[in-house]
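The block underneath contains the structure these notes are about, expressed in structure tokens.
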Amino acid sequence: MSENEKSKDQQAAAAANPEGPKVDLSEEELAALCKAHVCPSCAVMAEAEDIKLRALADNENFKRRIQRETDEVRKYATESVLADLLPVLDNLGLAIEHAGSDAACKNIVLGVDMTRKMFLDTLKKHGLECVGACGEAFDPNVHEAIGTVCEEGRSEGCVAKVAQAGYVLKGRVIRPAKVLVNKLPDA
């Protein structure tokens, strides 16, 4: 094929596809590129590019998901240890509550109370917060109602008595507070 014929073929191809990419290749070279799937005007090339972009997007999504999961694992890694320490905290509170006003036990009760406060402060540094105080509105997300009582001085639906304190670790409930909810008598 002469140079003149190649030029005419290229011009005819350009006229037939005015919007396509201009390729200055012979038909044999173009056919070889198409067979190798690297021709810019080849549909296989466009499909391969699409597959590549989807794979890159999937990879980025995977990285983000793994990072989120890793962050969550780090955030709540201490949850099981802190949950195991809650009965110790409860027992310190019970010791203070049941000590009474015996003068002989005053210093021991003071020491237990200081230990409990120090323990609570340490747990708070790790993101643990106590929930379930008398007078707050009943929230089924952080409270577990174990009964109702009738107290005139409180509004209906609020916590009247806390049977067992609840705890939240960085927004996640570890143990709901067991409470008695105030219910006013029917008039």
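A few points about this structure:
- Nearest-10 value in Å² for the accessible area of His98, using the 1.4 Å probe: 140 Å²
- Largest accessible area first, the listed residues Ser80, Ser26, Ser101 line up as Ser101, Ser80, Ser26 when surface is computed with a 1.4 Å probe on the assembled protein chains.
- Cys158 versus Ala57: modelled label distance in nm, points set 7 Å from Cα along the beta carbon direction: 5.4 nm
- Using the Cβ of Gly132 as centre and a radius below 14 Å, the other residues enclosed give a net charge of -2, where K and R count +1 and D and E count -1.
- Rounded to 0.05, the FRET efficiency of the Ser26 and Arg64 pair, given R0 = 35 Å and the Cβ-Cβ distance, is 0.15.
- Were the residues from Val149 through Asp90 laid out at 0.36 nm apart, the gain over their Cα-Cα distance would be 18.9 nm.
- Residue-count net charge about Ala99 - beta-carbon cut-off 11 Å; Lys, Arg +1, Asp, Glu -1: -2
- Counted charge near Val159, where neighbours are those whose Cβ lies closer than 13 Å (Asp, Glu -1; Lys, Arg +1): -1
The values are calculated or read from the model by the stated rules, or taken from the named source; none is laboratory data. For clarity, every value in this text was computed on a predicted model and none was experimentally measured. Note: ideal-geometry Cβ built from the backbone for every residue, glycine included; neighbour counts use all protein chains shown. Surface accessibility is based on the protein's heavy atoms, side chains included, excluding ligands, DNA and RNA. Shrake-Rupley method; radii C 1.70, N 1.55, O 1.52, S 1.80 Å.
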